[in-house]
1. Say whether the condition of being away from chain B (no Cβ under 14 Å), within 20 Å of A:PRO147 (Cα to Cα) and touching a residue at least 60 places away in the same chain (Cβ under 8 Å) is met by at least one residue in region A:3-13.
2. Take the conditions more than 9 Å from every other protein chain (Cβ to nearest Cβ), buried (at least 16 other Cβ atoms within 10 Å of the Cβ) and among the charged types (D, E, K, R) and apply them to A:ASP132. Does it pass?
3. Counting residues that are touching a Gly at 6+ places or on another chain (Cβ under 6 Å), which helices (runs of 4 or more DSSP H) fully inside region B:1-119 reach at least 1?
4. Taking A:SER175 as the residue in question, decide whether it is of a type in the set (Ser, Thr, Tyr) and open to solvent by less than 30 Å² (accessible area, probe 1.4 Å).
5. Just the residues that are under 21 Å from the mean Cα position of the chain (by Cα) and either buried (at least 17 other Cβ atoms within 10 Å of the Cβ) or over 28 Å from B:PRO68 (Cβ atoms) (or both), please, taken from region A:1-27.
6. Would you call A:GLY126 surrounded by fewer than 22 Cβ atoms within 10 Å (Cβ to Cβ), more than 12 Å from chain B (Cβ to nearest Cβ), free of Cβ contacts under 8 Å to residues at least 24 places away in the same chain and not in a helix (DSSP H, G or I)?
7. Hey, can you tell me all the residues within region A:72-86 that are touching a residue at least 60 places away in the same chain (Cβ under 8 Å) and either at the interface with chain B (Cβ under 7 Å from one of its Cβ atoms) or buried (at least 23 other Cβ atoms within 10 Å of the Cβ) (or both)?
8. All but one of (1) more than 9 Å from chain A (Cβ to nearest Cβ); (2) in a helix (DSSP H, G or I); (3) at pLDDT 90 or above hold for B:SER175; which doesn't?
Amino acid sequence: MMDGSDFGLQELLLMLQGAGVTLMITFWAVLGGTLMGLIFGVVRSVAPWWINWPLGGILDVFRSVPLLIQLVLVNSFKSIIGLNASAFVVSCVVLAFYTSSYCSEIVRAGVQAVPQTTRRAARSLGLTYWQDLREIVFPIALRVSLPSWMGLTLGVMKDSALVWWIGVIELLRTSQVIITRIQEPLLVLSVCGLIYFVLSYPISRLGARLEARWRDLD
Amino acid sequence: MNYTFHWYQAFRALPEMLWGALITIEVAVLSMVIGIAFGVLLALGRNSKNKLLYGLSTAWVEGARNTPALFQIYMAYFGLGSFGLFVDSFPALLIGISFNNAGYLAETFRGGLRAVPQTQMNAARSLGMSAPMAFRLIVLPQLFRTVFHPLMNQMVWAILMTSLGVIVGVNTDLSGVTQELNVRTFRTFEYFAMAAVIYYLITKLITISARIAASRLFRY
């Protein structure tokens, strides 16, 4: 039945399109956020306190203010300074900073998980500072951080549902539009939830398995 | 840049916003209480050998953890209507956040239960303690210690999540009040900047008092 009042192929395709937007936002946010998070995290692990504390304080703001408020603030600030950026770009930027804040903590925890003695041993064996970071700290820290980073990525994907409030048509917004048209909220929302679940569940299981396996290796 | 900030106007709305902040804290605390209660039940269900209990609690936990919180609020607001349960925006917000909290806390509690080895219970029992006594004196304090920090984190999350209520039309919490002021005056930046500061202070208040409480409670 495709008379426009039932849930059919057309509606499903629309929702998948929305899911595509959700994934695009997640991709850019996680890419930008991870790069920034890596830099912030490493800086926070090695820098003296007078760099570490202010940087930590600023990053903490992104974790202490609701994402919705951050989105609205940046979006209205963009209009105030007359910047011509689309809601999509604003969403990606805000989510990227949000991601970087959490990512920097993950990176920091990873670096701190490498025992000082291991690093001293590496240096005594003649490795340079950068070799130590690259060959010793990075592999161990990666193992500690990867499961949390995967969790963060999924978290960002779920949090990206908020961006419709500033006008991006992603999965949840698409569902809402379809609901108002065909008046089948439970059905449409179930499909929407299923799409989120299918995107999120396999990766969350993988993360949990990696975490368990690497814990057993220790 | 031809925009003049009107901070004075925004400051005059401060009392109104602080009342909203109170509602925000109330919703968050209430959702935590409900979340803890259901979280404990779900943790027990996930450890249960009963297939039905295990299945139901697993579905809840995985559903809560693998879909957006806003989706869960939508489910309460739009979805429950299909069962003839028409919920207002405020209860929908509370149901959504509580559902989410319970899902995350269930895993916290399950991890906490695992962290106390069975041998300690055996030792306590062989020292002559009764099972409830051993649970209360040996298991519970250690359980509390491991779940304390995740619990406080979840509390901060609950505060942040309450802001989603405005999307389904809640107009009494901090975000809702801010949005009402915004619609009336179109001073979006000023009002939301003030809301951001208030949210920041609330979350800081929670994390700092949690840190003080932890240093008092877990001295040994």
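1. no
2. So A:ASP132 fits the description; yes.
3. Correct list: B:51-66, B:69-74, B:89-115.
4. yes
5. Passing the criteria: A:GLY18, A:ALA19, A:VAL21, A:THR22, A:ILE25, A:THR26.
6. Judged against the criteria, A:GLY126 is a match.
7. A:VAL72
8. (1)
The values are calculated or read from the model by the stated rules, or taken from the named source; none is laboratory data. Quick caveat: nothing in here was measured; it's all calculated off a predicted structure. Ideal geometry is used to build each Cβ from the backbone, glycine not excepted, and the neighbour counts take in all protein chains shown. We work out accessible area using only protein heavy atoms, side chains counted, and drop any ligands, DNA or RNA first. Shrake-Rupley method; radii C 1.70, N 1.55, O 1.52, S 1.80 Å.
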